[in-house]
Amino acid sequence: MHVRRSHVAAMTTALVLIGAAPSYGAARSYKNCTALNQDYPHGVGRQGARDKTSGTPVTSFKVSNALYRANGSSDRDRDGIACEKR
């Protein structure tokens, strides 16, 4: 089987492009809740998290497991939502 050079180059380029996954980087870790709330006013939470409260629960937080992992130490009540704010 004879394959032209131009076809080999095209196939090589296609394989390289298919194998290259986009690099999004790690989720940002914020210094404190004030800094996080500037970007996410209602906090960040894990998927499926529910706010523990006796009043109206926060439901408008940003859902992101990666962001929560990076900032989970700010989750004082351990309900799966960091820096929640109404």
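Tabulated results
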read-out: Among the residues listed as D51, D77, the single one being crowded, with 16+ Cβ neighbours inside 10 Å and either charged (D, E, K, R) or outside any loop (DSSP other than H, G, I, E, B) (or both); value: D51
read-out: Residue among S23, S29, S6 that is surrounded by fewer than 17 Cβ atoms within 10 Å (Cβ to Cβ) and at pLDDT 95 or above; value: S29
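The values are calculated or read from the model by the stated rules, or taken from the named source; none is laboratory data. Just so you know, these numbers come straight off a predicted model, no measurement behind them. Reconstructed Cβ throughout: ideal geometry from the backbone, glycine too, with neighbour counts over all protein chains shown.
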